[in-house]
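Here is the structure we will look at.
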Amino acid sequence: MVNSIHPARGTSAADLADAALTQAVIDSFDGSRSARFAEIMRSLVRHLHAFISEVELTEDEWFAGIDFLTRTGHITNDQRQEWVLLSDVLGVSMLVIGLNNRKPPEATESTVFGPFFVEGSPHVELGGDLARGAVGRPCYMSGRVVGVDGTPVPGARVEVWQSDDDGFYDVQYDGLDHMQGRGHLFTDDDGGWRFWSVLPVAYPIPTDGPVGDLLAAAGRGPMRPAHVHFMVTADGYERLITHVFDGTDEHLHNDAVFGVRSSLIATFDHHEAGTEAPDGSTPDSGFSTLEFDLVLAPKVDTPAQS
Ligand SMILES: [Fe+2]
């Protein structure tokens, strides 16, 4: 028999029990202008409510979470992207990359973008100096950009950024008036690229912000194995964002951001002073070399989203 005085729970937007509350919030997106937006928000609410219920979040913990996210926003600026770092240490970045970069097996795998890319890097001539003052052991890096069938990709834009021998990117130095350890090149007719820079070293991700607090609370280390970042763009190919890792690094198996792919592990060769380098020069100090081909997947046309 219907109770005419007290309506059944869940039929109005007041006095909702937990499950009905969740459903009411999900239903509140029924009028969304974009079907995709509604799909994402309904799923977010469903999982967020389930997570809070599962751990029986206390009010103090809820406030600590709000405070953590507030601090993450406050420390983020043009030079410091704490949100990307948070996404990285939670494995979210690699999950998104994995979902969105299903490629032919011959293509170079993608990995995290990281928080240290900046727009407007200097153009470096092929064979030129990309270190631009970054300290470290000289390292000559070279390779080709090719398609999955081995076809050279001339004119590809190869963007490179890396830390110096102290484990810092240029943007981490206060007052530095120029970019260093970063630049972009264009491949030659054979898809070739080459430049001098410095040998990358392992470095800790920034730990002086809320993400550092999270790692400390978890007893996790902040180290990333030595790597160089590459972003390659060329007409007719999918953009590639990746790293090349030093295969001798002790942190390859506990990367703080879960970014290592075995196919991206390379060998850096080390040479004594007086040895002839691949560009025909004879450096008067010890130096290293890396050779690595970057293989691009063909462009896939994605259907327009509703
Ligand atoms: Fe990096």
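The values are calculated or read from the model by the stated rules, or taken from the named source; none is laboratory data. On a predicted model such as this, the values are computed, not experimentally measured, just so you know. Glycine also receives a Cβ, built like all others from the backbone with ideal geometry; neighbour counts cover every protein chain displayed. The area values use the complete protein model at the heavy-atom level, side chains included, leaving out ligands, DNA and RNA. Shrake-Rupley method; radii C 1.70, N 1.55, O 1.52, S 1.80 Å.
Numbers at a glance
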| read-out | value |
| --- | --- |
| Residue in segment 241-257 that is part of a loop (DSSP other than H, G, I, E, B), open to solvent by less than 10 Å² (accessible area, probe 1.4 Å) and touching a Gly at 6+ places or on another chain (Cβ under 8 Å) present | yes |
| Filter result (assigned to a loop (DSSP other than H, G, I, E, B) and either small (Gly, Ala, Ser) or out of contact with any Asp or Glu (no Cβ under 9 Å at 6 or more places or on another chain) (or both)) within segment 69-84 | 77, 78, 79, 80, 81 |
| Where residue 270 falls short, out of the listed (1) part of a strand (DSSP E or B); (2) under 24 Å from residue 86 (Cα atoms); (3) not aliphatic (A, V, I, L, M) | (2) |
| Qualifying residue in segment 169-180 (condition: within 16 Å of the ligand (Cβ to nearest atom), in a loop (DSSP other than H, G, I, E, B) and open to solvent by less than 40 Å² (accessible area, probe 1.4 Å)) | yes |
| Residues of segment 111-136 satisfying the condition of being within 18 Å of the chain's Cα centre (by Cα) and within 19 Å of residue 245 (Cβ to Cβ) | 111, 112, 113, 114, 115, 116, 117 |
| Residues of segment 225-240 satisfying the condition of being open to solvent by 10 Å² or more (accessible area, probe 1.4 Å) and farther than 20 Å from residue 194 by Cα | 235, 236, 237, 238 |
| Any chance residue 203 is within 16 Å of the ligand (Cβ to nearest atom) and under 17 Å from the mean Cα position of the chain (by Cα) | yes |
| Matching residues in segment 138-154 - criterion: being within 15 Å of residue 235 (Cα to Cα) and open to solvent by 50 Å² or more (accessible area, probe 1.4 Å) | 148, 151, 154 |
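The rows are residues; the columns are (1) touching a strand residue (DSSP E or B) at 6+ places or on another chain (Cβ under 7 Å); (2) within 16 Å of the ligand (Cβ to nearest atom); (3) modelled with pLDDT of 95 or more.
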residue: 227; (1), (2), (3): yes, yes, yes
residue: 239; (1), (2), (3): yes, no, yes
residue: 244; (1), (2), (3): yes, yes, yes
residue: 258; (1), (2), (3): no, yes, yes
residue: 264; (1), (2), (3): yes, yes, yes
residue: 270; (1), (2), (3): yes, no, yes
